[in-house]
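Remarks on the structure that follows.
The values are calculated or read from the model by the stated rules, or taken from the named source; none is laboratory data. None of the values given here were measured: they were computed from a predicted structure. Note that we place each Cβ from the backbone using ideal geometry, even for glycine, and neighbour counts take in every protein chain shown. What goes into the accessible areas is simple: the full protein's heavy atoms, side chains included, and nothing from ligands, DNA or RNA. Shrake-Rupley method; radii C 1.70, N 1.55, O 1.52, S 1.80 Å.
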Amino acid sequence: MEVMFDPMFKIHICLHSYDMVHYGHSNQLRQAKAMGDYLVVGVHTDEEISKHKGPPVFTQAERYKMIRAIKWVDEIVEGAPYVTTLETLDKYNCDFCVHGDDITLTVDGKDTYDEVKRMGRYRECKRTQGVSTTDLVGRMLLLTKSHHSNVDNTAYQLHTDNFGKGPKGHSPWTGVSQFLQTSQKIIQFASGKEPQPGDTIIYVAGAFDLFHIGHVDFLETVHKQAEKPYVIVGLHFDQEVNRYKGKNYPIMNIHERTLSVLACRYVSEVVIGAPYAVGKDLLDHFKVDLVCHGKTEVFPDTDGTDPYTEPKKRGVFRILDSGNNLTSDDIVQRIIENRLQFEARNQKKEAKEMAVIEALKHKEDSLKTETALTNN
């Protein structure tokens, strides 16, 4: 890859497993992009992730495509090495690399960014509190809906206390915490662009739970329906999703799903808590030209009617085939089928992190003791 840039141009690389791509990763990439002008993202292979962390939730092909779909990403490096070296940065003409303020360890417990940190070519961004692959996997294994309705629920508390718990306590990087949405966070993720004259306003609606490659392929197909598309995604409230999906859905609450969808480069706007029926008021308010739906089942409204009656009557409804039939149910099934592997993975990850914390604490205590002896 050859990138031409002037001396003031900052190009940097952000490397990560992205074993289950979620809005926390999107927020990391948003922060990383703000540190420079061109963002290259290195994504590890399934083999490397399995070796150092455990089985990834998404395949490497899925992860490559999902990262490309995040709107702050300029380019990705497929099969990036798990340990980041100066050689990797130089190979892709990167000034520095960026990672969150958690720690990433190799299979033998070493910091994967040790070399670039020592050479001053490392930058850090804030980890998004309240989300981790560990917690999302835990929610899927828990199979209750308490994770988005009542965090004081006994079953959820048991998950918080036990899932992925290492032998020596909780790691601040792996442990479960509650996500708190703010208006500022939504502003940071939103495009802020209004529809322009000549734009085709396209509306789609759904749960978009566990935002995955099936959603990305669908939204990309929607985006291709017009020369100048302005895609609005209507997200249903948690209670509505649970009404028509049942079981454990949605796994992610409305606030989490909002950020997940807003991070996608094919989306212009999100309606938070959209009505289930796509009626006259919604179509007129947003001046919708086209309403699209995938090949997935359309559940009837509470009164048994078709939620797409109005757009069909206007002749603006279109069924699209993205060529990808992956669903949130399929993602959950992957986790359940490999339950023991994922539980072992999370426990192993937290145990390694706790060992590092203990070592850092021991080092800090030793320095304090030395300082005290010197002063005396």
Item to check | Anisotropy class of region 201-311 from Cα gyration tensor, a/c 1.5 cut | outcome: oblate
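If r is the Cβ-Cβ distance from residue 181 to residue 126 and R0 is 22 Å, what FRET efficiency results, to the nearest 0.05?
Approximately 0.90, to the nearest 0.05.
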Checklist outcome for this item: Here the gain from full extension of residue 375 to residue 87, 0.36 nm per residue of separation minus their alpha-carbon distance, amounts to 99.4 nm
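Let me check I've understood the local charge: for residue 214, count other residues with C-beta under 13 angstrom from its C-beta, Lys and Arg +1, Asp and Glu -1. What total comes out?
Taking every Cβ under 13 Å from that of residue 214, the sum is -4.
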Next on the checklist: Need the full-extension length gain, residue 50 to residue 74, defined as separation in residues times 0.36 nm minus the C-alpha distance. One decimal, nm.
Outcome noted: 6.0 nm
Checklist outcome for this item: Residue-ordered couplings for region 20-31, obtained by feeding phi - 60° into the Karplus form 6.51 cos²θ - 1.76 cosθ + 1.60 and rounding to whole Hz (Gly and Pro as x), are 9, 5, 9, 5, x, 5, 4, 5, 4, 5, 4, 5
Next on the checklist: Given a Förster distance of 35 Å, report the FRET efficiency between residue 95 and residue 365 from their Cβ-Cβ distance, rounded to the nearest 0.05.
Outcome noted: 0.45
Checklist entry - How do the peptides 316-324, 179-187, 128-136, 204-212 rank, highest first, by the average count of neighbouring beta carbon atoms within 10 Å per residue? => result 204-212, 128-136, 316-324, 179-187
Checklist outcome for this item: Interchain or sequence-distant (5+) residues whose placed amide H lies within less than 5 Å of the amide H of residue 231 are 202, 268, 269
Checklist entry - Among residues other than residue 272 whose Cβ falls under 13 Å from its Cβ, what is the net charge (Lys/Arg +1, Asp/Glu -1)? => result -2
Checklist entry - Using a simple spin-label model with points 7 Å from Cα along the Cα→Cβ vector, what separation in nm is obtained for residue 119 and residue 228? => result 4.7
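Going down the table (193/224; 51/110; 33/65; 126/228), which pairs top 24 Å between alpha carbons? Kindly include the intermediate steps, with their values, before the conclusion.
Details: 193/224 19 Å; 51/110 14 Å; 33/65 18 Å; 126/228 35 Å.
Over 24 Å apart, Cα to Cα: 126/228.
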Next on the checklist: Per residue of region 66-73, what does 6.51 cos²θ - 1.76 cosθ + 1.60 with θ = phi - 60° give for ³J(HN,Hα)? Whole Hz please, x for Gly and Pro, Karplus curve as stated.
Outcome noted: 5, 5, 4, 7, 7, 5, 8, 8
Next on the checklist: Suppose all protein chains stay in the model; what accessible area per residue would a 1.4 Å probe give for region 191-332, in Å²?
Outcome noted: 45
Checklist entry - So in region 41-134, what percent of DSSP beta bridges are antiparallel if you round to the nearest 5? => result 10
Item to check | Efficiency of FRET from Cβ geometry, residue 191 and residue 296, R₀ 35 Å, rounded to 0.05 | outcome: 0.85
Checklist entry - So for the pair residue 37, residue 313, with labels modelled 7 Å out along Cα→Cβ, what separation do we get in nm? => result 5.4
